[in-house]
Amino acid sequence: MDVHREDNVKVLAGKDRGKTGRVIRVFPKLERVLVEKVNLVKRHTRPSQEVPQGGIVEKESPIHVSNLMVICGKCGKPTRVGHKKLADGKKFRACKKCGEILDKDK
């Protein structure tokens with residue numbers, strides 16, 4: 001999967017089309033990701049120690065990875081993700097528009 005945690009993504013389809021957000025969590029087996037403040041659903045909760053009052057709580061719901069596009073940090077545009085290899089054999093993700101490395105730790 002080309003979308004990793006902490007990536008900035010743009011939603012391409014669905015009720016939140018056009019919104020951008022940061023990836024909170026990735027579910028590779030389900031091919032879904034949790035994006036901050038995108039695909040919000042209302043959850044009716046009983047009173048508990050975490051939510052003493054109970055009531056209706058809004059929370060994020062996972063969205064399919066095919067409906068997202070990674071935003072490049074350099075050019076700031078949504079882009080497809082390519083894969084490149086350095087001379088020493090390390091692999092990394094790269095922006096298809098400008099060629100910038102998308103992996104922050106490398």
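Each reported figure results from applying straightforward, stated rules to the coordinates on display, with no laboratory input. Fair warning: this is a prediction, and the values are worked out from it, not measured in the lab. Glycine also receives a Cβ, built like all others from the backbone with ideal geometry; neighbour counts cover every protein chain displayed.
List 93, 43 from most exposed to least, where exposure is judged by having the fewest other Cβ atoms within 10 Å.
Values: 93 18, 43 12.
The fewest-first ordering by Cβ neighbours comes to 43, 93.
Listing 79, 20 from the residue with the fewest other Cβ atoms within 10 Å to the one with the most, what is the order? Before the final figure, lay out each step's value.
Values: 79 20, 20 17.
By the 10 Å Cβ count, ascending: 20, 79.
Might you report the magnitude of the Cβ-based charge dipole of the range 1-69 about its Cα centre, with Lys and Arg at +1 and Asp and Glu at -1, to the nearest 20 debye? The partial results should precede the final answer.
Values: 14 positive and 9 negative charges, 44 e Å.
About 220 debye.
Using +1 at the Cβ of each Lys and Arg and -1 at the Cβ of each Asp and Glu in the chain, identify which of 48, 75, 24 lies farthest towards the dipole's positive end.
Towards the positive end, the residue furthest out is 75.
Pairs 42/97; 15/77; 37/85; 29/85; 42/96; 42/91: which exceed 31 Å Cα-Cα?
Numbers: 42/97 38 Å; 15/77 21 Å; 37/85 34 Å; 29/85 26 Å; 42/96 37 Å; 42/91 40 Å.
Cα-Cα > 31 Å for 42/97; 37/85; 42/96; 42/91; rest within.
I'm spelling it out carefully: the read-out is Cα Rg over 2.2 N^0.38 Å, the candidates are (1) 0.98; (2) 1.45; (3) 1.30, and one was derived from this structure. Which label?
Answer label, from the structure shown: (3).
Considering amide H positions built from the backbone, and no H for Pro or chain starts, which residues 5 or more places from residue 68, or on another chain, come under 5 Å of its amide H?
Under 5 Å from the amide H of residue 68 lie the amide H atoms of 12, each far enough along the sequence or on another chain.
Considering only the other residues whose Cβ falls under 13 Å of the Cβ of residue 1, what net charge follows from Lys and Arg at +1 and Asp and Glu at -1?
On the way: positive: 5, 25, 29, 32, 93; negative: 2, 7, 31.
Value of the local net charge: +2.
List, in order, the whole-Hz ³J(HN,Hα) value for each residue of the range 25-36 obtained from phi through the Karplus relation with A = 6.51, B = -1.76, C = 1.60 and θ = phi - 60°; use x for Gly and Pro.
Per residue, the Karplus-derived 3J(HN,Hα) values read 8, 10, 10, x, 5, 8, 6, 10, 9, 9, 10, 4 Hz.
Just to confirm a number: summing +1 for Lys and Arg and -1 for Asp and Glu over residues other than residue 38 whose beta-carbon lies under 11 angstrom from that of residue 38, what do you get?
Numbers: positive: 10, 15, 17, 19, 22, 37; negative: 16, 36, 60.
Local net charge: +3.
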